[in-house]
Amino acid sequence: MKSPIQLLSFLTCDGVHVDPITGKQTILGVFSNLRAAKFPAVHPRMIWFLSITDVPVGKHNLKVMMGLAIEEPKTIIDREFESRNPAHRLNLVNDIQKLKFDKPGDYTINIEVDDQTLLVTSFAITQ
């Protein structure tokens, strides 16, 4: 029996710096909610950083959806990535630009790999 893919971390941050020599990643400005003066609001840029493991060798699909509980969630990320070794940790850096929020509320974030739900969490947007 194969192990399910494991989500080790999910962070929302301002940026990720990758050291050109070592390849080490430095996470900058972690946050877990947003405030806006008026709505609709557009956040200029954020990074969704995911670290996963136990990913079988081959190509896979990452899908991240977001929305208010009363609405159909919108797909924000839908992309392929590749695993070369299931024992390795994969850090997936996703640059999100001009994300629009029509109104304040607790938005739900759903993270899936190959249609397997890894995480459902909330992200508060307040005024």
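The values are calculated or read from the model by the stated rules, or taken from the named source; none is laboratory data. Everything quoted here is computed from the prediction, not taken from an experiment. As a convention, Cβ positions derive from the backbone with ideal geometry for all residues, glycine included, and neighbour counts pool all protein chains shown. All accessible areas refer to the heavy atoms of the entire protein, side chains included, with ligands and DNA or RNA removed. Shrake-Rupley method; radii C 1.70, N 1.55, O 1.52, S 1.80 Å.
Please go through segment 94-127 and give me each residue that is open to solvent by 60 Å² or more (accessible area, probe 1.4 Å), within 15 Å of Cys13 (Cα to Cα) and not polar (S, T, N, Q), ordered by number.
Asp95, Lys98
Of Val30, Val42, which residue is farther than 24 Å from Ser3 by Cα, aliphatic (A, V, I, L, M), at pLDDT 95 or above and over 16 Å from the mean Cα position of the chain (by Cα)? I'd like the intermediate steps shown before the answer.
On the way: Val30 fails: over 16 Å from the mean Cα position of the chain (by Cα).
Result of the check over Val30, Val42: Val42.
Return the pairs, sorted by first residue and then second, in which the second residue is in a loop (DSSP other than H, G, I, E, B), the first residue lies in segment 17-45 and is loosely packed, with under 11 Cβ neighbours inside 10 Å, the beta carbons are less than 8 Å apart, and the residues are 6+ apart or on different chains.
Listed by first residue and then by second, the contacts come to Thr26/Asp19; Arg35/Gln127; Ala37/Gln127; Lys38/Gln127; Pro40/Asp102; Pro40/Lys103.
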